[in-house]
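The next block holds one structure in the form of C-alpha coordinates; read it before the comments.
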Amino acid sequence: MAEIQSLEPFHYRDFEQLELLARQVVEGFITGLHKSPFHGFSVEFSEHRIYNPGESIRNIDWKLFARTDRLYTKRYEEETNLRCRILLDTSGSMFYPRERMRQVENPAKFLFSATATLALMNLLKRQRDAVALSLFGREDFHSQVGSTYQHHKALATKLSQILKEKSLKGEEQVSLSDQLHLMAERTERRSLIIIFSDLLEVQDDPQAFLDALQHLKHGKHEVVLFHTLDRETETDFDFQSGPHKFVDLETGQELRLNPADIQGAYQEQMNAFRDLLRRKCLQYRIDLHEVDVKDGYSKVLQSYLLKRKKLY
(Lines give C-alpha, C1' and ligand atoms only; values in the text may rest on other atoms or scores of the structure.)
Protein backbone atom coordinates (compact mmCIF):
# COMPACT_ATOMS: atom_id res chain seq x y z
CA MET A 1 0.00 0.00 0.00
CA ALA A 2 3.00 2.27 0.13
CA GLU A 3 2.45 3.52 -3.42
CA ILE A 4 -0.89 5.14 -2.54
CA GLN A 5 -0.85 7.59 0.35
CA SER A 6 -4.08 9.41 -0.45
CA LEU A 7 -6.99 9.38 -2.86
CA GLU A 8 -7.05 13.09 -3.51
CA PRO A 9 -8.39 14.63 -5.52
CA PHE A 10 -10.71 12.15 -7.23
CA HIS A 11 -10.98 12.72 -10.96
CA TYR A 12 -13.36 10.43 -12.65
CA ARG A 13 -12.72 7.34 -13.13
CA ASP A 14 -12.05 7.37 -9.39
CA PHE A 15 -13.33 3.81 -9.14
CA GLU A 16 -10.00 2.78 -10.70
CA GLN A 17 -8.12 4.33 -7.76
CA LEU A 18 -10.38 2.61 -5.27
CA GLU A 19 -10.09 -0.71 -7.13
CA LEU A 20 -6.31 -0.34 -7.26
CA LEU A 21 -6.21 0.21 -3.51
CA ALA A 22 -8.41 -2.86 -2.94
CA ARG A 23 -6.20 -5.00 -5.20
CA GLN A 24 -3.11 -3.87 -3.30
CA VAL A 25 -4.80 -4.84 -0.04
CA VAL A 26 -5.60 -8.30 -1.42
CA GLU A 27 -2.18 -8.87 -2.97
CA GLY A 28 -0.46 -7.88 0.27
CA PHE A 29 -2.74 -10.23 2.17
CA ILE A 30 -2.05 -13.11 -0.21
CA THR A 31 1.70 -12.50 0.06
CA GLY A 32 1.32 -12.81 3.81
CA LEU A 33 -0.52 -16.12 3.39
CA HIS A 34 2.34 -17.46 1.28
CA LYS A 35 4.68 -16.77 4.17
CA SER A 36 2.43 -18.40 6.77
CA PRO A 37 1.59 -22.07 7.41
CA PHE A 38 -1.08 -23.59 5.20
CA HIS A 39 -4.49 -23.06 6.83
CA GLY A 40 -6.62 -25.32 4.67
CA PHE A 41 -7.31 -23.02 1.76
CA SER A 42 -5.01 -22.00 -1.04
CA VAL A 43 -4.12 -18.45 -1.95
CA GLU A 44 -5.06 -19.23 -5.54
CA PHE A 45 -8.49 -20.25 -4.24
CA SER A 46 -8.91 -23.42 -6.21
CA GLU A 47 -10.44 -26.23 -4.19
CA HIS A 48 -8.01 -28.75 -2.64
CA ARG A 49 -8.22 -32.11 -0.98
CA ILE A 50 -5.59 -34.44 0.46
CA TYR A 51 -3.96 -36.70 -2.15
CA ASN A 52 -4.80 -40.41 -1.81
CA PRO A 53 -2.06 -42.88 -2.83
CA GLY A 54 -2.83 -44.56 -6.15
CA GLU A 55 -4.57 -41.54 -7.66
CA SER A 56 -3.24 -39.77 -10.72
CA ILE A 57 -0.49 -37.31 -9.90
CA ARG A 58 -1.58 -35.00 -12.71
CA ASN A 59 -3.52 -32.61 -10.44
CA ILE A 60 -1.10 -32.50 -7.52
CA ASP A 61 -0.33 -28.92 -6.49
CA TRP A 62 3.48 -29.06 -6.37
CA LYS A 63 3.82 -25.44 -5.28
CA LEU A 64 1.63 -26.18 -2.30
CA PHE A 65 3.70 -29.31 -1.60
CA ALA A 66 6.86 -27.18 -1.55
CA ARG A 67 5.32 -24.92 1.11
CA THR A 68 3.63 -27.54 3.27
CA ASP A 69 5.47 -30.82 2.56
CA ARG A 70 2.05 -32.44 2.09
CA LEU A 71 0.35 -33.63 -1.10
CA TYR A 72 -2.89 -31.93 -2.16
CA THR A 73 -4.76 -32.25 -5.43
CA LYS A 74 -6.60 -29.41 -7.15
CA ARG A 75 -10.30 -29.76 -7.87
CA TYR A 76 -11.54 -27.89 -10.93
CA GLU A 77 -14.66 -29.82 -11.77
CA GLU A 78 -16.96 -28.28 -9.13
CA GLU A 79 -17.42 -24.54 -9.19
CA THR A 80 -18.59 -23.02 -5.94
CA ASN A 81 -21.85 -21.11 -5.86
CA LEU A 82 -21.62 -18.99 -2.74
CA ARG A 83 -23.88 -15.96 -2.86
CA CYS A 84 -22.78 -13.04 -0.71
CA ARG A 85 -24.51 -9.75 0.02
CA ILE A 86 -22.48 -6.98 1.66
CA LEU A 87 -24.37 -4.34 3.64
CA LEU A 88 -22.50 -1.07 4.09
CA ASP A 89 -23.46 1.73 6.47
CA THR A 90 -23.54 5.20 4.88
CA SER A 91 -24.86 7.11 7.89
CA GLY A 92 -23.13 10.37 8.79
CA SER A 93 -21.16 8.85 11.66
CA MET A 94 -19.37 6.50 9.24
CA PHE A 95 -17.64 9.54 7.71
CA TYR A 96 -15.81 10.19 10.97
CA PRO A 97 -13.19 11.59 11.09
CA ARG A 98 -13.98 13.82 8.11
CA GLU A 99 -10.34 14.86 7.67
CA ARG A 100 -9.39 11.21 7.06
CA MET A 101 -11.82 10.53 4.23
CA ARG A 102 -8.93 10.50 1.72
CA GLN A 103 -6.18 9.06 3.95
CA VAL A 104 -5.38 5.51 2.93
CA GLU A 105 -2.99 4.74 5.77
CA ASN A 106 -5.28 6.19 8.46
CA PRO A 107 -8.78 6.06 7.00
CA ALA A 108 -12.16 7.26 8.13
CA LYS A 109 -14.65 4.50 8.83
CA PHE A 110 -16.44 4.68 5.48
CA LEU A 111 -13.22 4.69 3.45
CA PHE A 112 -12.04 1.67 5.44
CA SER A 113 -15.34 -0.15 4.95
CA ALA A 114 -15.58 0.66 1.23
CA THR A 115 -12.02 -0.56 0.63
CA ALA A 116 -12.66 -3.71 2.66
CA THR A 117 -15.85 -4.30 0.65
CA LEU A 118 -13.99 -4.11 -2.67
CA ALA A 119 -11.21 -6.33 -1.31
CA LEU A 120 -13.80 -8.95 -0.34
CA MET A 121 -15.36 -8.63 -3.79
CA ASN A 122 -11.92 -9.30 -5.24
CA LEU A 123 -11.64 -12.52 -3.23
CA LEU A 124 -15.19 -13.55 -4.16
CA LYS A 125 -14.40 -13.05 -7.83
CA ARG A 126 -11.23 -15.17 -7.53
CA GLN A 127 -13.34 -17.94 -6.02
CA ARG A 128 -16.02 -17.64 -8.72
CA ASP A 129 -18.62 -16.56 -6.16
CA ALA A 130 -21.40 -14.01 -6.71
CA VAL A 131 -21.78 -10.78 -4.74
CA ALA A 132 -24.36 -8.06 -4.21
CA LEU A 133 -24.13 -4.71 -2.44
CA SER A 134 -26.71 -2.95 -0.28
CA LEU A 135 -26.32 0.48 1.28
CA PHE A 136 -28.25 1.85 4.22
CA GLY A 137 -28.11 5.03 6.27
CA ARG A 138 -28.38 8.10 4.04
CA GLU A 139 -28.23 5.96 0.91
CA ASP A 140 -30.79 3.31 -0.03
CA PHE A 141 -29.27 1.12 -2.71
CA HIS A 142 -29.52 -2.56 -3.61
CA SER A 143 -27.68 -4.25 -6.46
CA GLN A 144 -28.46 -7.55 -8.05
CA VAL A 145 -26.19 -10.51 -7.39
CA GLY A 146 -23.43 -10.85 -9.98
CA SER A 147 -19.86 -11.90 -10.63
CA THR A 148 -18.87 -10.23 -13.92
CA TYR A 149 -16.25 -7.53 -14.38
CA GLN A 150 -18.96 -5.03 -15.37
CA HIS A 151 -20.88 -5.81 -12.17
CA HIS A 152 -17.84 -5.26 -9.96
CA LYS A 153 -16.96 -2.08 -11.84
CA ALA A 154 -20.46 -0.69 -11.30
CA LEU A 155 -20.28 -1.35 -7.55
CA ALA A 156 -16.82 0.23 -7.30
CA THR A 157 -18.14 3.29 -9.14
CA LYS A 158 -21.07 3.57 -6.74
CA LEU A 159 -18.74 3.49 -3.71
CA SER A 160 -16.44 6.05 -5.33
CA GLN A 161 -19.36 8.41 -5.93
CA ILE A 162 -20.20 8.32 -2.22
CA LEU A 163 -16.57 9.00 -1.28
CA LYS A 164 -16.57 11.95 -3.64
CA GLU A 165 -19.64 13.55 -2.04
CA LYS A 166 -18.84 16.26 0.50
CA SER A 167 -22.07 15.45 2.29
CA LEU A 168 -24.78 12.88 1.73
CA LYS A 169 -28.04 14.62 0.93
CA GLY A 170 -30.47 11.97 2.11
CA GLU A 171 -32.79 13.42 4.74
CA GLU A 172 -34.39 10.20 5.97
CA GLN A 173 -32.20 7.60 7.61
CA VAL A 174 -32.60 4.06 6.28
CA SER A 175 -32.14 1.96 9.40
CA LEU A 176 -29.99 -1.14 9.57
CA SER A 177 -32.73 -3.07 11.36
CA ASP A 178 -35.20 -2.35 8.53
CA GLN A 179 -32.65 -3.39 5.91
CA LEU A 180 -31.93 -6.68 7.66
CA HIS A 181 -35.63 -7.52 7.82
CA LEU A 182 -35.85 -6.67 4.12
CA MET A 183 -32.91 -8.96 3.34
CA ALA A 184 -34.47 -11.78 5.34
CA GLU A 185 -37.75 -11.46 3.42
CA ARG A 186 -36.30 -11.01 -0.08
CA THR A 187 -33.29 -13.33 -0.04
CA GLU A 188 -34.76 -16.75 -0.66
CA ARG A 189 -31.57 -18.68 -1.31
CA ARG A 190 -29.22 -19.27 1.63
CA SER A 191 -26.55 -16.57 1.48
CA LEU A 192 -23.62 -15.10 3.34
CA ILE A 193 -24.55 -11.66 4.69
CA ILE A 194 -21.61 -9.38 5.61
CA ILE A 195 -22.29 -6.14 7.48
CA PHE A 196 -19.99 -3.13 7.97
CA SER A 197 -21.33 -0.62 10.48
CA ASP A 198 -20.33 1.37 13.55
CA LEU A 199 -23.74 0.41 15.01
CA LEU A 200 -24.08 3.81 16.67
CA GLU A 201 -27.61 4.09 15.29
CA VAL A 202 -28.79 0.82 16.85
CA GLN A 203 -27.65 1.68 20.37
CA ASP A 204 -30.88 3.63 20.89
CA ASP A 205 -32.91 0.46 20.29
CA PRO A 206 -30.61 -2.58 20.40
CA GLN A 207 -33.51 -5.02 20.67
CA ALA A 208 -34.88 -4.03 17.27
CA PHE A 209 -31.46 -4.71 15.75
CA LEU A 210 -31.11 -8.04 17.56
CA ASP A 211 -34.58 -9.08 16.37
CA ALA A 212 -33.52 -8.30 12.79
CA LEU A 213 -30.39 -10.44 13.17
CA GLN A 214 -32.52 -13.28 14.49
CA HIS A 215 -34.84 -12.90 11.47
CA LEU A 216 -31.86 -13.41 9.16
CA LYS A 217 -30.70 -16.47 11.04
CA HIS A 218 -34.23 -17.90 10.92
CA GLY A 219 -33.87 -17.82 7.15
CA LYS A 220 -30.73 -20.01 7.42
CA HIS A 221 -28.44 -17.20 6.26
CA GLU A 222 -24.89 -16.95 7.56
CA VAL A 223 -24.06 -13.55 9.03
CA VAL A 224 -20.69 -11.88 9.59
CA LEU A 225 -20.81 -8.54 11.41
CA PHE A 226 -17.84 -6.18 11.34
CA HIS A 227 -18.36 -3.64 14.14
CA THR A 228 -16.24 -0.86 12.66
CA LEU A 229 -14.95 1.89 14.95
CA ASP A 230 -12.06 4.23 15.60
CA ARG A 231 -11.12 2.54 18.87
CA GLU A 232 -9.05 5.35 20.37
CA THR A 233 -11.82 7.94 20.29
CA GLU A 234 -15.07 5.99 19.88
CA THR A 235 -14.40 3.08 22.25
CA ASP A 236 -11.89 4.51 24.71
CA PHE A 237 -13.04 8.15 24.32
CA ASP A 238 -9.39 9.15 24.57
CA PHE A 239 -9.01 12.84 23.72
CA GLN A 240 -6.54 15.44 24.86
CA SER A 241 -7.61 17.16 28.06
CA GLY A 242 -9.35 20.50 27.81
CA PRO A 243 -12.55 21.81 26.20
CA HIS A 244 -13.57 20.29 22.86
CA LYS A 245 -16.35 20.97 20.38
CA PHE A 246 -18.14 17.80 19.27
CA VAL A 247 -20.28 17.85 16.13
CA ASP A 248 -22.97 15.24 15.47
CA LEU A 249 -22.37 14.11 11.88
CA GLU A 250 -25.97 12.93 11.67
CA THR A 251 -27.68 16.19 12.73
CA GLY A 252 -24.97 18.85 12.79
CA GLN A 253 -25.73 19.55 16.45
CA GLU A 254 -22.73 20.91 18.39
CA LEU A 255 -21.74 20.24 21.97
CA ARG A 256 -18.87 21.77 23.95
CA LEU A 257 -17.42 19.84 26.88
CA ASN A 258 -14.27 18.49 28.49
CA PRO A 259 -13.96 14.79 27.50
CA ALA A 260 -12.40 13.91 30.85
CA ASP A 261 -15.66 14.86 32.58
CA ILE A 262 -17.67 12.12 30.87
CA GLN A 263 -15.04 9.55 29.79
CA GLY A 264 -15.92 7.07 32.54
CA ALA A 265 -19.67 7.21 31.94
CA TYR A 266 -19.15 7.00 28.15
CA GLN A 267 -16.93 3.92 28.44
CA GLU A 268 -19.40 2.24 30.80
CA GLN A 269 -22.28 2.73 28.36
CA MET A 270 -20.23 1.67 25.33
CA ASN A 271 -18.89 -1.45 27.06
CA ALA A 272 -22.39 -2.45 28.16
CA PHE A 273 -23.57 -2.31 24.53
CA ARG A 274 -20.53 -4.27 23.31
CA ASP A 275 -21.09 -6.95 25.95
CA LEU A 276 -24.76 -7.27 24.97
CA LEU A 277 -23.77 -7.57 21.31
CA ARG A 278 -21.20 -10.27 22.03
CA ARG A 279 -23.64 -12.34 24.09
CA LYS A 280 -26.44 -12.19 21.56
CA CYS A 281 -24.20 -12.86 18.55
CA LEU A 282 -22.83 -15.91 20.37
CA GLN A 283 -26.37 -17.03 21.12
CA TYR A 284 -27.50 -16.54 17.50
CA ARG A 285 -24.29 -18.07 16.07
CA ILE A 286 -23.34 -14.87 14.29
CA ASP A 287 -19.68 -14.10 13.62
CA LEU A 288 -18.95 -10.78 15.34
CA HIS A 289 -15.65 -9.01 14.76
CA GLU A 290 -14.72 -5.70 16.35
CA VAL A 291 -12.59 -3.84 13.81
CA ASP A 292 -10.41 -0.80 14.48
CA VAL A 293 -9.86 1.20 11.29
CA LYS A 294 -6.22 1.69 12.28
CA ASP A 295 -5.49 -2.05 12.37
CA GLY A 296 -5.60 -2.68 8.62
CA TYR A 297 -7.59 -5.12 6.51
CA SER A 298 -6.06 -8.52 7.28
CA LYS A 299 -8.56 -9.30 10.06
CA VAL A 300 -11.47 -8.69 7.70
CA LEU A 301 -10.07 -10.85 4.89
CA GLN A 302 -8.94 -13.63 7.20
CA SER A 303 -12.35 -13.73 8.89
CA TYR A 304 -14.09 -14.04 5.54
CA LEU A 305 -11.83 -16.86 4.33
CA LEU A 306 -12.25 -18.82 7.53
CA LYS A 307 -16.02 -18.40 7.30
CA ARG A 308 -16.06 -19.56 3.70
CA LYS A 309 -13.95 -22.58 4.58
CA LYS A 310 -16.55 -23.62 7.18
CA LEU A 311 -19.35 -23.22 4.65
CA TYR A 312 -17.62 -25.28 1.94
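Residues in region 125-138 that are within 27 Å of E201 (Cβ to Cβ) and touching a Cys at 6+ places or on another chain (Cβ under 7 Å): V131 alone. If you go through region 75-105 and pick out every residue that is outside any helix (DSSP H, G or I) and modelled with pLDDT under 75, you end up with 12. One residue stands out among those in region 264-312 that are part of a loop (DSSP other than H, G, I, E, B) and farther than 15 Å from K217 by Cα: the one that is most open to solvent (accessible area, probe 1.4 Å), which is Y312.
For (1) in contact with a helix residue (DSSP H, G or I) (Cβ under 8 Å, 6 or more places away or on another chain); (2) surrounded by fewer than 23 Cβ atoms within 10 Å (Cβ to Cβ); (3) under 18 Å from E165 (Cβ atoms), each residue gets a yes or a no:
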{"site": "S91", "(1), (2), (3)": "yes, no, yes"}
{"site": "L111", "(1), (2), (3)": "yes, no, yes"}
{"site": "L118", "(1), (2), (3)": "yes, no, yes"}
{"site": "Q127", "(1), (2), (3)": "yes, yes, no"}
{"site": "V131", "(1), (2), (3)": "yes, no, no"}
{"site": "F141", "(1), (2), (3)": "yes, yes, yes"}
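Pull up region 185-212, narrow it to residues that are among the aliphatic types (A, V, I, L, M) and assigned to a loop (DSSP other than H, G, I, E, B), then point me to the one that is least open to solvent (accessible area, probe 1.4 Å). Once the filter is applied, the top-ranked residue is L199.
One residue stands out in region 160-181 among those that are farther than 22 Å from T251 by Cβ and at pLDDT 90 or above: the one that is most open to solvent (accessible area, probe 1.4 Å), namely H181. Looking only at region 297-308, which residues are over 10 Å from A116 (Cβ atoms) and within 12 Å of the chain's Cα centre (by Cα)? Result: S298, Q302, S303. Can you name the residue in region 224-263 that is part of a strand (DSSP E or B) and open to solvent by 70 Å² or more (accessible area, probe 1.4 Å) and, of all such residues, is nearest to V293 (Cα to Cα)? Only one residue fits best here, namely V247.
Pairs, please: C-beta under 7 Å, at least 6 apart or cross-chain, first residue closer than 13 Å to L199 by Cα and in region 263-280, second surrounded by 11 or more Cβ atoms within 10 Å (Cβ to Cβ) and among the β-branched types (V, I, T)? Cβ pairs passing all conditions: M270/T235.
The values are calculated or read from the model by the stated rules, or taken from the named source; none is laboratory data. All values reported here derive from a predicted model rather than from experimental measurement. Note: ideal-geometry Cβ built from the backbone for every residue, glycine included; neighbour counts use all protein chains shown. In case anyone asks, the SASA skips ligands and DNA or RNA and just uses the protein heavy atoms, side chains included. Shrake-Rupley method; radii C 1.70, N 1.55, O 1.52, S 1.80 Å.
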